[in-house]
Amino acid sequence: MNRHLVDALTQLYPASWRRRYAAEFSAFLEESTCGIRDVADILWSALREHLLSKGGREMNRSQHASGSLAFSFLAALAAGINLVMTVDDSPLIDAMRSHMGMSVAWNLLAGAAVLSGIGVLSIVFSLYRSMHFYARRAGRRDIIALLSVPFIGAGALLLWVACGLAYTGGRWAASPWAILGGGAPSSWPSLHARWICGIISVVLSITVAIASVISVHLAIRRTDFELANGTALRKRRVLAELAKPLVVLCTVVMFLSVLTWGLALQRSVPSLFRQHVGLLDGTAATSWVISLSLLGLASAICIRTNLNLKNAH
Amino acid sequence: MRNTQHEVVPDLKLGHFSDPPLLVLASLADGPKHGHAMTQDIQRMCGTRLGPGALYGAIARLEERGLIEPLPIEERRHPYKITEGGLAFLKAKLDTMNRFASAGLRKLEAL
């Protein structure tokens with residue numbers, strides 16, 4: 001393998017790992033004929049080493065649970081945004097008004113989403129405050145930088161959407177739910193441009209989500225929560241502990257509501273279920289499956305986290 | 001229900017039977033080897049080709065848990081040898097796999 005590529009790939013690993021293995025790893029790579037599969041293997045392994053890096057601290061069960069619940073909420077949030085954007089400005093809204101079952105499931109979903117959001121915000125706020133408190137006290141700029149990644153990512157996403165809006169004079173946002181192969185208004189950009197912008201939005205959103213998860217995870221591992229112990233923070237932590245069962249319950253309710261909503265739609269108005277109003281010009285059914293899968297994942301993480309906490313007690 | 005008749009394999013969070021750490025331990029069972037020799041031996045043993053990332057990830061995990069240890073460096077390469085703890089861990093895992101395989105084969109024969 002090329003020396004420059006070997007150096008670049010080795011640099012991807014955490015400093016503590018490099019100190020121990022860089023020399024022999026580089027020698028190993030230089031003597032190997034590596035393909036794309038090996039490069040992907042190294043990228044994945046470097047990411048894994050960053051997550052497992054012993055430069056950080058072990059999380060206790062409660063912090064681990066808070067992190068898991070916040071990450072599961074991220075999946076639930078993505079599911080919710082996907083479903084809302086699919087339904088928004090589509091004939092599905094009229095169908096929901098005329099079908100009791102769909103309407104009840106939708107309202108239940110909205111209520112659970114709001115309650116879950118409040119619960120997660122209290123957990124995330126408590127975690128963020130603790131980490132920020134410690135980072136300031138210990139002069140750890142790396143933790144503050146890691147904590148700012150989700151905000152910078154969200155800012156970049158908003159900027160991208162705002163640029164799209166400004167470019168089209170406010171007529172079209174670079175939304176992956178507003179591609180509409182057939183019946184798009186003539187004032188929108190060309191179908192080709194809508195596809196490209198929609199795909200960029202999806203890739204950007206996924207990148208921001210992954211970067212946020214990794215950076216917050218690293219920030220949690222680098223924080224000494226024993227030192228982040230103010231009285232006000234302790235009170236907020238009690239609130240966060242109380243919020244955990246609420247988040248679990250609400251996530252499961254959201255999953256069941258979306259399941260019921262989709263089944264009712266499929267039974268009552270099957271033609272709408274096949275209409276192309278979903279993500280990247282997919283059908284409503286595809287959007288429903290994506291949201292249901294994400295909520296299923298979020299529910300599974302929540303239930304597992306709750307069981308782990310109960311076993312620990 | 002957990003079977004209490006046999007020795008319980010310690011959970012060192014090294015993953016499942018087909019995972020790289022177990023393959024590396026099995027490769028080192030007959031003597032010290034460096035990275036290249038390990039990948040070749042593993043490929044001969046079971047047809048699995050370990051990528052460089054997976055191999056060094058496994059080496060790092062195993063060394064961290066004291067199941068293998070590095071020998072003095074030879075031409076930029078560290079040979080590794082399995083420790084007593086590594087041998088005990090490998091034996092326990094292979095015994096479990098052996099019991100599982102025997103039970104599965106008995107069921108198949110009964111068909």
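The values are calculated or read from the model by the stated rules, or taken from the named source; none is laboratory data. From a predicted model like this one, the values you see are computed outputs, not experimental measurements. Cβ: placed from backbone, ideal geometry, glycine included. Neighbour counts: every protein chain shown.
Tabulated data
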{"quantity": "Some residue of the range A:186-203 being of a type in the set (A, V, I, L, M) and over 27 Å from A:Val149 (Cα atoms)", "calculated": "yes"}
{"quantity": "Residue match in the range B:41-50 (condition: more than 14 Å from chain A (Cβ to nearest Cβ), modelled with pLDDT under 90 and assigned to a loop (DSSP other than H, G, I, E, B))", "calculated": "yes"}
{"quantity": "Residue list for the range A:135-176, filter: under 22 Å from the mean Cα position of the chain (by Cα) and in a loop (DSSP other than H, G, I, E, B)", "calculated": "A:Ala173, A:Ala174, A:Ser175, A:Pro176"}
{"quantity": "Cβ pairs under 6 Å, 6+ apart, first in the range A:104-115 and in the same structural domain as A:Val247 (by TED's automatic domain parsing), second of a type in the set (Ser, Thr, Tyr)", "calculated": "A:Ala105/A:Ser257; A:Ala105/A:Thr260; A:Leu108/A:Ser257; A:Leu109/A:Ser257"}
{"quantity": "Enumeration of residues in the range A:1-51 that are assigned to a helix (DSSP H, G or I), at the interface with another protein chain (Cβ under 10 Å from one of its Cβ atoms) and loosely packed, with under 13 Cβ neighbours inside 10 Å", "calculated": "A:Arg37, A:Ala40"}
